Amino acid sequence: MSNTTTASLTIAELREFASFAPCEQRYIKRSLDIGLGRQDAFKLWARDAAETAAIRSQYVVYQELKALRGAIPDESGFEGIDAFIGKLVRVAAFDIVQERIESFSAFRFLYERLLGAEVRPFLPSAFCAASALPQIRPERRKHLLQSISEAAATAPGWSVREPSFYPEWIEKEAA
């Protein structure tokens, strides 16, 4: 792939991230810090006791990511699909219940980075399953399920290109 194409795709990722609501951006950055082991999320993201508890829970739930990364099934078969989708839906449900992810786009953006490009074919089903759980408030369930486009739900193929933009915390400098 040429440098121009790579730069264009990275710019598209930056634009997509910029289109998310501030609470989604913050949650995605925090989740990447936890899920990829980049930063101490307690020091960086916890503003109060409730957020500290949520981060602690997220660290526990995100322990599943290690197993998920090594268990992504082949798209053409059903070997291992039950265990993989079950765990993926459980982790996705945790993120959705936090009410910081407002759309399939934000969910996909986060999970492509947490699990890699090869998870893309499984994200629509995991998102729909997690969003449709009875633990999700009915009006929120409706909003989430309506956020997935027909094109995303019925895509005939998926890019194998790994994401290149991983948003991070940026320290504000004192003026």
**OP:** Take the alpha-carbon centre of the range 113-157, take the same for the range 69-94, and report the distance between them in whole Å.
**Re:** 14
Subject >> 22 Å Cα cut-off, lysine pairs counted over the chain (separation 8 or more, or different chains) >> reply: 6
Subject >> Answer label, with semi-axes √(5λ) of the Cα gyration tensor in Å calculated from the coordinates and candidates (1) 34, 17, 13; (2) 24, 22, 17; (3) 32, 17, 14 >> reply: (2)
**OP:** Towards the positive end of the charge dipole of the chain, with charges on Cβ (+1 Lys, Arg; -1 Asp, Glu), say which of ALA7, SER103, LEU68 has the farthest Cα.
**Re:** SER103
Original post:
So how do GLU168, GLU16, GLU24 line up by other beta-carbon neighbours within 10 Å, fewest first?
Top reply: GLU168, GLU16, GLU24
Subject >> Charge dipole (debye, nearest 20) of the range 21-153; +1 at Cβ of Lys and Arg, -1 at Cβ of Asp and Glu >> reply: 460
**OP:** With +1 on each Lys and Arg Cβ and -1 on each Asp and Glu Cβ, and nothing else charged, work out how big the dipole of the range 85-147 is about its Cα centre, in Debye to the nearest 20.
**Re:** 100
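A short reminder: the numbers here are calculations on the coordinates, not readings from a lab. In this text, all values refer to a predicted model and were calculated from it rather than measured experimentally. Reconstructed Cβ throughout: ideal geometry from the backbone, glycine too, with neighbour counts over all protein chains shown.
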